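Undergrad: This is the structure I have questions about; it appears just below.
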Amino acid sequence: MKPFFRLFPLIVLVSTAFAARPLSAQDWVRTGSNLGQERIRLAAADFKPTGNDVQTPALKATFDATLYSDLSNAGIFDMVSKSMSPQAAPGSPQEIDLAQWSAAPASATMVAFGALSAASGRLSVFGWLDDTRNATSPQVLGKQYNEAATQDMARTLAHRFADEIIARLGGGLNGIAETKIFFVSSRSGSKEIWAMDYDGENQHQVTHLGSISLSPRISPDNSRLAFASLGNEGWSVRMYSLDLGRMVSFPAGALGGSNQSPAWSADGAKIAFSSSRSGDPEIWVCDAGGGNLRKVTSFKGPDVAPTWNPRTNAQIAWVSGRTGLPQIYIMDQDGGNIQRLSDGGYAISPSWSPNGQLLTFSWNRKYGPGAPGGQDIYVMDIASLRWIQLTHDAGSNDFPSWSPDGRHIVFERAMGKRTELWTMLADGTEQHQLTHSGNDFMPNWSWK
């Protein structure tokens, strides 16, 4: 069990606040997460190498693979298989035969293509997106990049071009190819905060405290990490500056009691967290610098794991054990207008969708001795209290976190003695493992 789970008594909840209202179809979550639109059939041609620099082939291979992976992972395209694409590699709008790409077997509606070269330590990329159905004016997008000729930059430029395509064709939502995922890993010998690209690449350690750190939460501007850490005086909420590369002061996080599970408001001005400094663990809110501290819950039983509504910035969802086993609640940011959402079982780890309409959380609906239930990821529509189950019969699943486009969810999955991070579309499809080293926990997707 995670440390703050031990706050909850292991008893069976015998009464529920309301009847569950599940759906057999996933149409509402697909619509709410912008996955319901008709998929565009998109081809991504291998870019044409130009010049004779020895770096070009390797950089091109990285760029091509990353671009195709990013577009495939977007969840809004019907990607043309490389085996069905024309063999030609068009390097400019003058070189592409749109009729060839629109014809079977490719049958592409849109095609991304371009040219790539390395010279004098610089990487140049020219990329285009064409509409194969518009022969007279096919160009939808044209981009040019010039950066250092490194493998990391080849990946970065592919991410940028993919995000441009996704933003143009995906209903105006920004792509997530340049976003980061922060998480806890024990692979270095202690539980430290790590980071990686959205697709699992570039995994690297952020903190080096040699203790136990949990629940990383990245600020909306990607400049600071708030997390819980165990020190000589117990659990405190601490702050790490990514800009400065070091720990910075956060006085509100260490004023007594056990302090855990920080969460940023969408404007970056406030932090909510759980603290037992007044007795029971309650939800507290303070300014981002640690000032103006105030308690917003006051009820017997632990209150933990807050998360802000990123759309309104005026509501907080959290976990409370006030009725026995942990349940999901929402309230106004001042502690008023409390509403219970989950209707029994063992419900934990809420994460609010970017559009403010949905919550994802971990739920064992049939919790108890001998019960056949399992810890799975669910999504609930807050207005209707309708829910769907996203994971099934695959380990114990916990700590879901939304991507900033609302189309994806990252989560942890424990199977046997290993816990790794996985990602999926917000309707539960396209599940992929991201980490394969050590034990990895508690992911948090960056805001941008």
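Undergrad: Kindly sort 408, 392, 208 by accessible area of their heavy atoms, largest first, with the probe set to 1.4 Å.
TA: Ranked list, largest accessible area first: 208, 392, 408.
Undergrad: With each run of n ≥ 4 DSSP H residues scored as -39500 (n - 2.57), what mean residue ellipticity at 222 nm is computed for the chain after dividing by its residue count and rounding to the nearest 500 deg cm²/dmol? Each step should come with its number before you reach the end.
TA: Values: 4 runs with 48 residues, N = 448.
When only DSSP H runs of four or more count, the value is -3500 deg cm²/dmol.
Undergrad: Follow-up question, since we're still on this one. Provide the solvent-accessible area of residue 312, counting protein heavy atoms only and rolling a 1.4 Å probe, rounded to the nearest 10 Å².
TA: Rounded to the nearest 10, the figure is 70 Å².
Undergrad: Considering only protein heavy atoms, what per residue accessible area in square angstrom results for the stretch 198-340 with a 1.4 angstrom probe?
TA: Per-residue accessible area for the stretch 198-340 comes out at 38 Å².
Undergrad: Short version: ³J(HN,Hα) in whole Hz for each residue of the stretch 220-228, in order, from phi by Karplus 6.51 cos²θ - 1.76 cosθ + 1.60 (θ = phi - 60°), x for Gly and Pro, what are they?
TA: In residue order, the calculated couplings are x, 9, 6, 9, 9, 10, 9, 7, 9 Hz.
Undergrad: Does the stretch 364-428 come out rounded, prolate or oblate by the C-alpha gyration tensor, with a ≥ b ≥ c the root eigenvalues, rounded set by a/c under 1.5 and, if not, prolate when a/b is larger than b/c and oblate if not?
TA: Oblate shape, in that a/c is at least 1.5 and b/c is the bigger or equal ratio.
Undergrad: Could you give the dipole magnitude of the chain about its Cα centre, charging the beta-carbon of Lys and Arg +1 and that of Asp and Glu -1, in debye to the nearest 20?
TA: The calculated dipole for the chain is roughly 1080 debye.
Undergrad: Right, next: From the gyration tensor of the Cα coordinates in the chain, what semi-axes in whole Å does the equivalent ellipsoid have, largest first, with each one equal to sqrt(5λ)?
TA: 42, 25, 18
Undergrad: Using only Cα atoms, find the angle between the long axis of helix 56-73 and the longest principal axis of the chain, and express it within 0 to 90 degrees, rounded to the nearest 10.
TA: So the inclination is approximately 50 degrees.
Undergrad: With a 1.4 Å probe and every protein chain left in place, tell me how much accessible area residue 41 has, in Å² to the nearest 10.
TA: About 50 Å², ignoring ligands and nucleic acids.
Undergrad: What order do you get for 341-352, 321-332, 74-85 when each peptide is scored by the mean count of other beta carbon atoms within 10 Å, highest first? Could the numbers behind the result be given before it?
TA: Details: 341-352: 24.2, 321-332: 20.8, 74-85: 17.2.
In decreasing order of mean packing, 341-352, 321-332, 74-85 become 341-352, 321-332, 74-85.
Undergrad: In whole percent, and with a 1.4 Å probe on the protein chains, what portion of the accessible area of the stretch 297-448 is carbon and sulfur?
TA: 49
Undergrad: May I pose another question? Quick one: grab the alpha carbon gyration tensor of the stretch 303-424, order the square roots of its eigenvalues as a ≥ b ≥ c, and give me rounded if a/c is under 1.5, else prolate or oblate depending on whether a/b is larger than b/c.
TA: Numbers: a/c = 1.97, a/b = 1.28, b/c = 1.54.
The shape class here is oblate.
Undergrad: Explain nothing, just compute: Karplus ³J(HN,Hα) = 6.51 cos²θ - 1.76 cosθ + 1.60, θ = phi - 60°, for every residue of the stretch 106-123 in order, whole Hz, x for Gly and Pro.
TA: So the Karplus estimates, Gly and Pro as x, are 5, 6, 7, 7, 10, 9, 9, 7, x, 9, 9, 8, 10, 7, 6, x, 10, 10 Hz.
Undergrad: How many Å³ per residue does the convex hull of the Cα positions in the stretch 222-380 occupy?
TA: So the per-residue Cα hull volume is 126 Å³.
Undergrad: Please label the shape of the stretch 102-168 as rounded, prolate or oblate, based on the square roots a ≥ b ≥ c of the eigenvalues of the alpha-carbon gyration tensor (a/c under 1.5 means rounded; beyond that, a/b larger than b/c means prolate, else oblate).
TA: prolate
Undergrad: Among 182, 274, 171, pick out the residue whose Cα is farthest towards the positive end of the charge dipole of the chain, where Lys and Arg carry +1 and Asp and Glu carry -1 on C-beta, about the Cα centre.
TA: 274
Undergrad: Between helix 151-169 and the chain, what is the angle of the helix's C-alpha long axis to the longest principal axis, kept within 0 to 90° and rounded to the nearest 10?
TA: With rounding to tens, the tilt is 90 degrees.
The values are calculated or read from the model by the stated rules, or taken from the named source; none is laboratory data. Model, not experiment: these values are computed from the prediction. Quick reminder, even Gly has a Cβ in these numbers, built from the backbone with ideal geometry, and neighbours come from all protein chains shown. Heads up: the accessible areas ignore ligands, DNA and RNA and are worked out on the full protein's heavy atoms, side chains in. Shrake-Rupley method; radii C 1.70, N 1.55, O 1.52, S 1.80 Å.
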